[in-house]
Amino acid sequence: MKKLSARRRHPLAALVVLLFALAATGGLYTAFAPAGEAKAEKQESSKSLAIEEGKKLYATGCSSCHGTGGQGTSDGPSLVGVGAAAVDFQVGTGRMPAQQPGAQVPRKKNIYSQDEINQLAAYVASLGSGPSQPTKEMYDPSGADVARGGELFRTNCSQCHNFTGEGGALTHGKFAPDLGDVDEKHIYEAMQTGPQNMPSFTDGALPEKDKRDIVAYVKEVNSDKSESPGGFKLGGFGPVSEGMFAWIFGLGAMIAVAVWVAARTAKAKKS
Amino acid sequence: MSTATEAHGSAAAEGKKKAPAGERVADWADGRLGIYSLAKANMRKIFPDHWSFMLGEVALYSFIIIILTGVYLTLFFHPSMNEVEYHGAYTPMHGVRMSEAYASTLDISFDVRGGLLVRQIHHWAALIFLAAMFVHMMRVFFTGAFRKPREVNWVFGFLLFALGMFTGFTGYSLPDDLLSGTGVRFMEGAILSVPIVGTYLSMFLFGGEFPGDDFVARFYSIHILLLPGIMLGLLVAHLILVFYHKHTQFAGPGRKNTNVVGMPLLPVYMAKAGGFFFLVFGVIAAIAALFSINPIWVLGPYRPDQVSTNAQPDWYMGFSEGLVRVMPGWEINAWGHTLVLGVFIPVMIIFPLVLVTIALYPFIEAWVTGDKREHHIADRPRNAPTRTAFGAAWISWYFVCLVGGGNDLWATHFHLSINAITWFVRVAFFVLPVLVFIITRRVCLGLQRKDREKVLHGRETGTIKRLPHGEFVEIHEPLSQEQLHTLTAHDQYQPVEIGPRTDENGVERKISRGQKLRARLSKGYYGESGQIPKPTREEYREIESSHGHH
């Protein structure tokens, strides 16, 4: 003991203590979480496999614009830090890979399977941390507060997407798309990541619950199942489509009726 | 009168055989209201028959429908801006705080029996009412039915249209939903843009800062009492004048400026008009039952911090929306005050200008022609090329503004840039009316030439004949006397002459600027470039007599 005590001011003493402490913590961790360790390792290996696969997909489909390492080029932005959610949204809705440059990349048919999208997402997520894909319970509309979602939607979304998410025009040919048949997950991811001209609504600005309420509202008022108590919606664009309808079909019908009535008149008998 | 009394006396004497019930009621009413003499004077009133003469009726009937449905809506609507929490039948709005006006509109839509249908009939009828007034006004315009003695009635009709716009706007604002609230905010902005008094006017109208809690109640009394009351009075005056002036008719054999050819008011016209009312009601009801209009339940209650895209007024206010949307956002800042030209010019100057231009036209034309005669024969649009061109140009002007008002929907539906549309409207606002004017005038002149050709050379039969020497000719068939009359019945004015610049003594005459302008306009209207001389009797005879030489 004396020997130890004598060397306690040795320059390397602190290092030795640190080593002991690290060994103890590591030991304790292995003792208390042995199963997790193995699982994490397995996950780690499958994750790296996904990243590998994703990298190949990336090289084929994305690298021509976003650069071989996701660093971005003059044709496409850097993907470092955009996160898995952005990839899932962009590829899942068919926007990426883009067909051609233009004011805005439109939605089109998605040709990737969900597994491939996940691999791509894993690769892009490995480039830098960003929002990850939401889980089902985060965007599941059942049980969410639709009325609150409506208020949030009108505060944050309707100025571009219209009252019920029918879409609207932005400057120079850009537009806020129709949310009619967009997947719940993709609506959620769009809020998380802010694709193209859309601002991103981080969890700090718009907490998870609020996003779920908004998704529920959009699904309530603008999906195949949503009711329209007044009859056909005429697109749901408000007074412009209503006015056009009143002119073409309303007044058109009136004129047709007037012509019909005027043509059927009591005629003086010709002898 | 006396015979009626006698008949009564004899009936009483007979004791048993009474006159039929209807006759007795009529007698009773005649003794108090004098309906027999009224009926005698008016029952045989003649109305000419043409489908375009029924456009005004469409407007009249939709106005009646609006009043009927409007009364029903007032039974359930609460014109109050008190804040309440909604707990009605529409679950996606549960727990949302809103004004009583909005909540009661939701109740009308979901809890009142037939409420939604009546609301939709009311709103569709309003859109069709304004559209019908518009086309009715255009019918009157293009047929020259605004000429003496009908100028005052033209102004009444114009006022009905303008008041209809504002009645519609106040009605659109009542539910206090996010869309209408944005519209009211737009109007407040327009009022604020008025120099010096703008802020005072706004404070006066809204009872303080926007939105306050007064405007729904105020708009309510304007919408259901003030404006419809004035409109009803104007409408009655409008109809009395139609009765008094008698209806115009198109030229034709037997139709003169001094007669009216058509069907008598009773029974034919009354039966047709009555039936037509139900047809109009039926069409509007069918549209209202099938097509949603202003679904306020998805629009949400108005909150000044919220806004949506597609926030546009109903179509009749759309041209003012367009004017503001395409106007550059100019403003002048001086001495601590801001003059917002970007709003003031379009809403406070051009908006009234567009409307007043068409309202004043009859007086301008009367001044140019100097014609003091009465006109009861409607013009064919082609026979007044300059007027027709002016009307077409005005319509194009109006519709260009409407395109500007819906620029976002043009952009999304035709995949265009909204900026490009805005620039198109800016240019077209100035250029398109001119182009339309020139083109329409040329089309009218072309049609006049065609009429002239038809009168002088007959109708093209499409039958080709080969002459003995090999020439091919198309056989023209002469028109009937009736057709010849119809095509040549119209008057043609001669341009006004100012006369020589100097009088007989060589002294320069005093010619006012007004006279010079009038002469120039008259030359434009009726000079060589303004009309094709209609065939004269001599020309016709000459060609007739030479027909054998073909």
- Query: If you go through the range B:136-157 one residue at a time, do you hit one that is open to solvent by less than 20 Å² (accessible area, probe 1.4 Å) and within 11 Å of another protein chain (Cβ to nearest Cβ)?
  - Reply: no
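Here is a check on your reading of the model: is B:LEU127 open to solvent by 10 Å² or more (accessible area, probe 1.4 Å), modelled with pLDDT of 95 or more, under 22 Å from B:TYR220 (Cα atoms) and out of contact with any Phe, Trp or Tyr (no Cβ under 6 Å at 6 or more places or on another chain)? Break it down into steps so the answer makes sense when it comes.
Details: open to solvent by 10 Å² or more (accessible area, probe 1.4 Å): no; modelled with pLDDT of 95 or more: yes; under 22 Å from B:TYR220 (Cα atoms): yes; out of contact with any Phe, Trp or Tyr (no Cβ under 6 Å at 6 or more places or on another chain): yes.
It is false that B:LEU127 is open to solvent by 10 Å² or more (accessible area, probe 1.4 Å), modelled with pLDDT of 95 or more, under 22 Å from B:TYR220 (Cα atoms) and out of contact with any Phe, Trp or Tyr (no Cβ under 6 Å at 6 or more places or on another chain).
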- With B:PRO362, B:PRO346, B:PRO328 as the choices, which residue is touching a helix residue (DSSP H, G or I) at 6+ places or on another chain (Cβ under 8 Å) and in a loop (DSSP other than H, G, I, E, B)? B:PRO328
- Item | Of residues in the range B:106-135 being more than 9 Å from chain A (Cβ to nearest Cβ) and of a type in the set (D, E, K, R), the one farthest from B:TRP154 (Cα to Cα) | B:ASP111
- Which one of these does B:ALA289 not meet: (1) part of a helix (DSSP H, G or I); (2) of a type outside the set (S, T, N, Q); (3) more than 30 Å from B:VAL96 (Cα to Cα)? (3)
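Please go through the range B:14-34 and pick out each residue that is at pLDDT below 55 and open to solvent by 90 Å² or more (accessible area, probe 1.4 Å). Quick ask: steps written out before the conclusion?
First, the residues of the range B:14-34 that are at pLDDT below 55: B:14-15.
The answer is B:GLU14, and nothing else.
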- Item | A:LYS55, sole failed condition from (1) in contact with a helix residue (DSSP H, G or I) (Cβ under 7 Å, 6 or more places away or on another chain); (2) part of a loop (DSSP other than H, G, I, E, B); (3) open to solvent by 80 Å² or more (accessible area, probe 1.4 Å) | (2)
- Among what's in the range B:303-314 and is in contact with a Pro (Cβ under 7 Å, 6 or more places away or on another chain) and open to solvent by 10 Å² or more (accessible area, probe 1.4 Å), pick the residue that is farthest from the other protein chains (Cβ to nearest Cβ). B:PRO304
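Anything in the range B:444-470 that is free of Cβ contacts under 8 Å to residues at least 24 places away in the same chain, in a helix (DSSP H, G or I) and either of a type in the set (Lys, Arg) or closer than 21 Å to B:TYR398 by Cα (or both)? List them, or say none. Full working, then the answer.
Within the range B:444-470, the subset free of Cβ contacts under 8 Å to residues at least 24 places away in the same chain is B:446, B:450, B:453, B:458-470.
Now narrow it down to the ones that are in a helix (DSSP H, G or I): B:446, B:450, B:453.
Passing the criteria: only B:LYS450.
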- Item | Whichever residue in the range B:392-414 is under 19 Å from A:ALA169 (Cα atoms) and out of contact with any helix residue (DSSP H, G or I) (no Cβ under 7 Å at 6 or more places or on another chain) and, among such residues, is most open to solvent (accessible area, probe 1.4 Å) | B:PHE414
- Identity of the residue in the range B:90-105, within 11 Å of another protein chain (Cβ to nearest Cβ) and out of contact with any Ser or Thr (no Cβ under 9 Å at 6 or more places or on another chain), that ends up farthest from B:PRO211 (Cα to Cα): B:THR91
- Message: From the list B:VAL280, B:VAL216, exactly one residue is over 30 Å from A:ASN156 (Cα atoms), surrounded by 19 or more Cβ atoms within 10 Å (Cβ to Cβ) and in contact (Cβ under 8 Å) with a residue 60 or more places away in the chain. Which is it?
- Response: B:VAL280
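Being surrounded by 22 or more Cβ atoms within 10 Å (Cβ to Cβ), of a type in the set (Val, Ile, Thr) and not assigned by TED's automatic domain parsing to the domain that holds A:CYS157 narrows it down to one residue among A:VAL257, A:VAL240; which is it?
Answer to the selection: A:VAL240.
Here's the yes/no breakdown for (1) out of contact with any Gly (no Cβ under 8 Å at 6 or more places or on another chain); (2) open to solvent by 40 Å² or more (accessible area, probe 1.4 Å); (3) more than 30 Å from B:VAL324 (Cα to Cα); (4) acidic (Asp, Glu):
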residue: B:ILE418; (1), (2), (3), (4): no, no, no, no
residue: B:VAL427; (1), (2), (3), (4): yes, yes, no, no
residue: B:VAL431; (1), (2), (3), (4): yes, yes, no, no
residue: B:VAL443; (1), (2), (3), (4): yes, yes, yes, no
residue: B:GLN448; (1), (2), (3), (4): yes, no, yes, no
residue: B:GLY458; (1), (2), (3), (4): yes, no, yes, no
residue: B:ARG466; (1), (2), (3), (4): yes, yes, yes, no
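Could you tell me which of the residues A:GLY204, A:GLY173 is open to solvent by less than 30 Å² (accessible area, probe 1.4 Å) and of a type in the set (Gly, Ala, Ser)? If you could, list the steps in order and put the result at the bottom.
On the way: A:GLY204 fails: open to solvent by less than 30 Å² (accessible area, probe 1.4 Å).
So the residue among A:GLY204, A:GLY173 that is open to solvent by less than 30 Å² (accessible area, probe 1.4 Å) and of a type in the set (Gly, Ala, Ser) is A:GLY173.
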- Message: Conditions first: (1) modelled with pLDDT under 90; (2) among the aliphatic types (A, V, I, L, M); (3) closer than 22 Å to B:ALA393 by Cα. B:VAL507 passes all but one, so which condition is the exception?
- Response: (3)
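State whether the residues of the range B:245-268 include one that is aromatic (Phe, Trp, Tyr) and either touching a Leu at 6+ places or on another chain (Cβ under 7 Å) or part of a helix (DSSP H, G or I) (or both).
Narrowing the range B:245-268 to residues aromatic (Phe, Trp, Tyr): B:250.
From what's left, either touching a Leu at 6+ places or on another chain (Cβ under 7 Å) or part of a helix (DSSP H, G or I) (or both): none.
Scanning the range B:245-268 turns up no residue that is aromatic (Phe, Trp, Tyr) and either touching a Leu at 6+ places or on another chain (Cβ under 7 Å) or part of a helix (DSSP H, G or I) (or both).
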- Is it the case that some residue within the range A:35-50 is under 30 Å from A:GLN196 (Cβ atoms) and not charged (D, E, K, R)? yes
- Item | Residue that is in the same structural domain as A:TYR58 (by TED's automatic domain parsing), out of contact with any Cys (no Cβ under 6 Å at 6 or more places or on another chain), open to solvent by less than 50 Å² (accessible area, probe 1.4 Å) and over 28 Å from A:SER45 (Cβ atoms), where the choices are A:VAL105, A:VAL91, A:VAL87 | A:VAL105
- In the range A:152-165, which residue that is more than 7 Å from every other protein chain (Cβ to nearest Cβ) and in a loop (DSSP other than H, G, I, E, B) is most open to solvent (accessible area, probe 1.4 Å)? A:CYS157
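The values are calculated or read from the model by the stated rules, or taken from the named source; none is laboratory data. Note that the coordinates shown come from a computational prediction; the quantities given were computed from them, not determined experimentally. Backbone-built Cβ (ideal geometry, glycine too); neighbour counts: all protein chains shown. Ligands, DNA and RNA are excluded from the accessible area calculation, which covers all protein heavy atoms including side chains. Shrake-Rupley method; radii C 1.70, N 1.55, O 1.52, S 1.80 Å.
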